[in-house]
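Right, one structure below, let's go through it.
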Amino acid sequence: MTDELIQTFLGWCFVVNYAVLFLWFLYFTLGHDWLYNFHSRWFKLSVERFDSANYLCMGFYKLSIILFNLAPYLVLKYLV
């Protein structure tokens, strides 16, 4: 594998993962009540705990995207 191929792959991974994060945010903000009712069938969660769990997971996912997709992409683009 060449550096250019890996760089292209990481770039597309970043775009796809950020699109997933954006869709998650849209579903969470626009369909909050539906999502809460859907998940509260299985788990006994308060609305505050549901919100905090989603925001925590969104933050972890965003940090993971930056750490595992964007950082290696930028290293390959500017340092190699």
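Derivation of every value follows stated rules applied to the coordinates shown; laboratory data play no part. Owing to the predicted nature of the structure, the values given are computational and were not obtained by experimental measurement. So basically every Cβ, Gly included, is an ideal-geometry build from the backbone, and we count neighbours across all protein chains shown.
Fewest first, what order do Asp51, Asp3 take by the number of other Cβ atoms within 10 Å?
Neighbour counts put them in this order, fewest first: Asp3, Asp51.
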## Note on the structure
Applied in sequence order to the range 10-18, the curve 6.51 cos²θ - 1.76 cosθ + 1.60 (Karplus, θ = phi - 60°) yields integer Hz couplings, x standing for Gly and Pro, of 5, x, 5, 4, 4, 5, 5, 5, 5
#### Entry: the range 57-66 - phi-based ³J(HN,Hα) in whole Hz, Karplus 6.51/-1.76/1.60, Gly and Pro as x
5, 4, x, 5, 5, 5, 4, 5, 4, 5
#### Entry: Helix-only mean residue ellipticity at 222 nm for the chain, each DSSP H run of n ≥ 4 adding -39500 (n - 2.57), per residue, nearest 500
-26500 deg cm²/dmol
### Task
Per residue of the range 49-56, in order, report the coupling 6.51 cos²θ - 1.76 cosθ + 1.60 (Karplus, θ = phi - 60°) as ³J(HN,Hα) in whole Hz, putting x for Gly and Pro.
5, 4, 5, 5, 5, 5, 5, 4
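Let me check against my output: what whole-number percent is the relative contact order of the chain, with C-alpha pairs under 8 Å and at least 6 apart?
On the way: 28 pairs, mean separation 48.8, N = 80.
RCO, the chain: 61 percent.
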